[in-house]
Amino acid sequence: MPPLPTRSSAASPTPRQRPVRSRSASVAAAVLGMLLAMGGARAGSLDWRHADPQQLSDAGRGADAQRALDTLRSHLQALAACLPEDRRLEVELLDLDLAGRLEPGSQGEELRVLRGGADVPALVLRYALRDGGRTLAAGEERLVDLDYLNRVPRPPPGTPLAYETRLLDDWFARRFVAAGFARAPSSAACSAR
(Lines give C-alpha, C1' and ligand atoms only; values in the text may rest on other atoms or scores of the structure.)
Protein backbone atom coordinates (compact mmCIF):
# COMPACT_ATOMS: atom_id res chain seq x y z
CA MET A 1 0.00 0.00 0.00
CA PRO A 2 1.52 3.38 -1.00
CA PRO A 3 2.14 5.90 1.76
CA LEU A 4 -0.39 8.74 2.20
CA PRO A 5 0.88 12.18 1.22
CA THR A 6 1.99 14.30 4.11
CA ARG A 7 0.90 17.86 4.57
CA SER A 8 4.30 19.18 3.40
CA SER A 9 4.27 17.17 0.16
CA ALA A 10 0.72 18.30 -0.69
CA ALA A 11 1.64 21.97 -0.18
CA SER A 12 3.64 22.24 -3.41
CA PRO A 13 1.47 21.07 -6.31
CA THR A 14 3.00 19.27 -9.23
CA PRO A 15 2.85 21.02 -12.61
CA ARG A 16 -0.32 19.11 -13.50
CA GLN A 17 -2.02 20.25 -10.30
CA ARG A 18 -1.28 23.97 -10.59
CA PRO A 19 -4.39 26.08 -11.14
CA VAL A 20 -4.75 27.38 -14.68
CA ARG A 21 -5.73 31.03 -15.08
CA SER A 22 -8.29 31.52 -17.82
CA ARG A 23 -7.74 34.09 -20.56
CA SER A 24 -10.73 36.12 -19.36
CA ALA A 25 -9.27 36.21 -15.84
CA SER A 26 -5.98 37.51 -17.31
CA VAL A 27 -7.82 40.20 -19.26
CA ALA A 28 -9.81 41.18 -16.17
CA ALA A 29 -6.58 41.43 -14.16
CA ALA A 30 -5.02 43.63 -16.86
CA VAL A 31 -8.04 45.96 -16.93
CA LEU A 32 -8.04 46.18 -13.14
CA GLY A 33 -4.35 47.00 -13.25
CA MET A 34 -4.96 49.80 -15.76
CA LEU A 35 -7.71 51.27 -13.59
CA LEU A 36 -5.50 51.14 -10.50
CA ALA A 37 -2.64 52.72 -12.44
CA MET A 38 -4.95 55.61 -13.32
CA GLY A 39 -5.25 56.27 -9.62
CA GLY A 40 -8.92 55.36 -9.47
CA ALA A 41 -9.74 58.32 -11.70
CA ARG A 42 -13.43 58.83 -12.18
CA ALA A 43 -15.45 60.49 -14.86
CA GLY A 44 -17.07 63.88 -15.02
CA SER A 45 -20.84 64.16 -15.22
CA LEU A 46 -23.50 65.48 -17.58
CA ASP A 47 -26.62 67.52 -16.85
CA TRP A 48 -28.82 67.27 -19.98
CA ARG A 49 -31.92 69.22 -20.87
CA HIS A 50 -33.74 69.70 -24.15
CA ALA A 51 -36.63 71.65 -25.58
CA ASP A 52 -39.95 69.95 -26.22
CA PRO A 53 -39.36 67.64 -29.22
CA GLN A 54 -42.34 69.20 -31.04
CA GLN A 55 -40.67 72.62 -30.76
CA LEU A 56 -37.44 71.43 -32.38
CA SER A 57 -36.91 72.08 -36.12
CA ASP A 58 -36.56 68.39 -37.02
CA ALA A 59 -35.98 65.75 -34.37
CA GLY A 60 -38.08 63.16 -36.16
CA ARG A 61 -41.62 62.28 -35.13
CA GLY A 62 -43.08 60.48 -32.14
CA ALA A 63 -40.89 57.67 -30.81
CA ASP A 64 -38.19 58.53 -33.39
CA ALA A 65 -37.79 61.98 -31.80
CA GLN A 66 -37.35 60.45 -28.35
CA ARG A 67 -34.81 57.94 -29.71
CA ALA A 68 -32.87 60.81 -31.32
CA LEU A 69 -32.79 62.75 -28.05
CA ASP A 70 -31.77 59.63 -26.11
CA THR A 71 -28.95 58.96 -28.60
CA LEU A 72 -27.62 62.51 -28.26
CA ARG A 73 -27.82 62.33 -24.44
CA SER A 74 -26.00 59.00 -24.40
CA HIS A 75 -23.29 60.33 -26.71
CA LEU A 76 -22.80 63.42 -24.55
CA GLN A 77 -22.56 61.19 -21.46
CA ALA A 78 -19.73 59.29 -23.14
CA LEU A 79 -17.98 62.59 -23.90
CA ALA A 80 -18.51 63.83 -20.32
CA ALA A 81 -16.71 60.68 -19.15
CA CYS A 82 -13.55 62.30 -20.57
CA LEU A 83 -13.80 65.10 -18.01
CA PRO A 84 -12.07 64.90 -14.63
CA GLU A 85 -14.24 63.69 -11.75
CA ASP A 86 -15.24 67.05 -10.27
CA ARG A 87 -16.26 68.60 -13.57
CA ARG A 88 -19.86 68.80 -14.72
CA LEU A 89 -20.94 69.54 -18.27
CA GLU A 90 -24.36 71.17 -18.48
CA VAL A 91 -25.93 71.03 -21.93
CA GLU A 92 -29.30 72.33 -23.04
CA LEU A 93 -30.38 71.42 -26.55
CA LEU A 94 -32.25 74.47 -27.84
CA ASP A 95 -32.82 73.21 -31.39
CA LEU A 96 -32.14 70.16 -33.52
CA ASP A 97 -32.36 69.68 -37.27
CA LEU A 98 -31.39 66.15 -38.23
CA ALA A 99 -29.46 65.46 -41.43
CA GLY A 100 -31.72 64.77 -44.39
CA ARG A 101 -35.45 65.24 -44.84
CA LEU A 102 -38.39 62.95 -44.21
CA GLU A 103 -40.01 61.85 -47.46
CA PRO A 104 -42.83 59.38 -48.10
CA GLY A 105 -41.71 55.85 -48.92
CA SER A 106 -43.36 53.41 -51.32
CA GLN A 107 -45.18 51.60 -48.49
CA GLY A 108 -46.57 54.77 -46.89
CA GLU A 109 -43.77 54.98 -44.31
CA GLU A 110 -41.49 57.97 -43.92
CA LEU A 111 -37.85 57.65 -44.96
CA ARG A 112 -35.04 60.03 -44.06
CA VAL A 113 -33.32 60.94 -47.33
CA LEU A 114 -29.85 62.53 -47.28
CA ARG A 115 -29.04 64.68 -50.30
CA GLY A 116 -26.24 66.93 -49.03
CA GLY A 117 -27.97 70.19 -49.97
CA ALA A 118 -30.09 72.27 -47.61
CA ASP A 119 -30.64 69.23 -45.39
CA VAL A 120 -27.51 69.64 -43.26
CA PRO A 121 -27.41 68.53 -39.62
CA ALA A 122 -27.60 71.39 -37.13
CA LEU A 123 -27.76 71.66 -33.34
CA VAL A 124 -28.10 74.73 -31.14
CA LEU A 125 -26.63 74.23 -27.67
CA ARG A 126 -26.35 76.27 -24.52
CA TYR A 127 -23.60 74.86 -22.34
CA ALA A 128 -21.51 75.39 -19.24
CA LEU A 129 -18.54 73.45 -17.93
CA ARG A 130 -18.31 73.69 -14.16
CA ASP A 131 -15.65 72.63 -11.67
CA GLY A 132 -17.16 72.86 -8.22
CA GLY A 133 -18.49 76.41 -7.99
CA ARG A 134 -16.34 77.77 -10.85
CA THR A 135 -17.51 78.11 -14.45
CA LEU A 136 -14.64 77.11 -16.75
CA ALA A 137 -16.44 77.66 -20.06
CA ALA A 138 -19.94 78.65 -21.09
CA GLY A 139 -21.79 79.79 -24.18
CA GLU A 140 -24.40 79.17 -26.80
CA GLU A 141 -23.41 77.72 -30.16
CA ARG A 142 -24.96 76.62 -33.41
CA LEU A 143 -23.21 73.51 -34.73
CA VAL A 144 -23.57 72.86 -38.47
CA ASP A 145 -21.75 70.67 -40.99
CA LEU A 146 -22.37 72.04 -44.48
CA ASP A 147 -20.28 69.29 -46.09
CA TYR A 148 -21.54 66.38 -43.99
CA LEU A 149 -21.87 63.86 -46.83
CA ASN A 150 -18.38 64.49 -48.22
CA ARG A 151 -16.29 64.25 -45.04
CA VAL A 152 -14.05 61.25 -44.57
CA PRO A 153 -14.04 58.87 -42.93
CA ARG A 154 -17.71 58.24 -43.52
CA PRO A 155 -19.64 56.72 -40.65
CA PRO A 156 -20.47 53.02 -40.91
CA PRO A 157 -23.92 52.32 -42.39
CA GLY A 158 -26.66 52.12 -39.80
CA THR A 159 -24.87 54.27 -37.21
CA PRO A 160 -27.61 56.17 -35.36
CA LEU A 161 -27.34 59.94 -35.80
CA ALA A 162 -23.83 59.60 -37.18
CA TYR A 163 -23.66 63.14 -38.56
CA GLU A 164 -25.13 64.76 -35.46
CA THR A 165 -22.85 62.87 -33.06
CA ARG A 166 -19.87 63.82 -35.23
CA LEU A 167 -20.90 67.46 -34.74
CA LEU A 168 -20.83 66.87 -30.97
CA ASP A 169 -17.42 65.16 -31.19
CA ASP A 170 -15.95 68.09 -33.12
CA TRP A 171 -17.50 70.62 -30.71
CA PHE A 172 -16.23 68.75 -27.62
CA ALA A 173 -12.71 68.50 -29.05
CA ARG A 174 -12.65 72.18 -30.03
CA ARG A 175 -14.17 73.57 -26.79
CA PHE A 176 -12.89 71.26 -24.07
CA VAL A 177 -10.04 69.00 -25.24
CA ALA A 178 -8.12 71.76 -27.04
CA ALA A 179 -8.50 74.01 -23.97
CA GLY A 180 -7.11 71.27 -21.69
CA PHE A 181 -10.37 70.76 -19.78
CA ALA A 182 -10.82 67.14 -20.92
CA ARG A 183 -8.99 64.16 -22.36
CA ALA A 184 -9.55 63.22 -25.98
CA PRO A 185 -12.41 60.70 -26.35
CA SER A 186 -10.03 58.29 -28.10
CA SER A 187 -7.56 58.24 -25.18
CA ALA A 188 -7.21 55.01 -23.23
CA ALA A 189 -7.91 56.77 -19.92
CA CYS A 190 -11.20 58.09 -21.28
CA SER A 191 -12.41 54.92 -23.03
CA ALA A 192 -11.46 52.66 -20.09
CA ARG A 193 -14.25 54.16 -17.97
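Details
- Cut-off 13 Å between beta-carbons: net charge of the residues surrounding R73, Lys and Arg +1, Asp and Glu -1: -3
- Tensor-based shape of region 69-151 (alpha-carbon gyration tensor, a/c under 1.5 rounded, otherwise prolate or oblate): prolate
- When you work out D = kT/(6 pi eta Rh) for region 107-186 at 25 °C and 0.890 mPa s, using the Kirkwood radius from C-alpha pairs as Rh and the Stokes-Einstein form, the result is 166 µm²/s.
- Solvent-accessible area assigned to carbon and sulfur over region 49-193 amounts to 49 percent, based on a 1.4 Å probe.
- A Förster distance of 35 Å, applied to the separation of the beta-carbon atoms of E85 and D52, puts the FRET efficiency at 0.60.
- Charge dipole (debye, nearest 20) of region 39-157; +1 at Cβ of Lys and Arg, -1 at Cβ of Asp and Glu: 340
- For region 38-193, the square roots of the Cα gyration tensor eigenvalues, ordered a ≥ b ≥ c, give a/c of at least 1.5 with a/b greater than b/c, which places it in the prolate category.
- Cα centroid of region 123-193 to Cα centroid of region 42-112, whole Å: 13
The values are calculated or read from the model by the stated rules, or taken from the named source; none is laboratory data. What you are looking at is a predicted structure, and each value in this text was computed from that prediction instead of being measured. Counting neighbours? That spans all protein chains shown, and the Cβs are built from the backbone with ideal geometry, glycine included. Note: accessible area is taken over every heavy atom of the protein model, side chains too, but ligands, DNA and RNA are not part of it. Shrake-Rupley method; radii C 1.70, N 1.55, O 1.52, S 1.80 Å.
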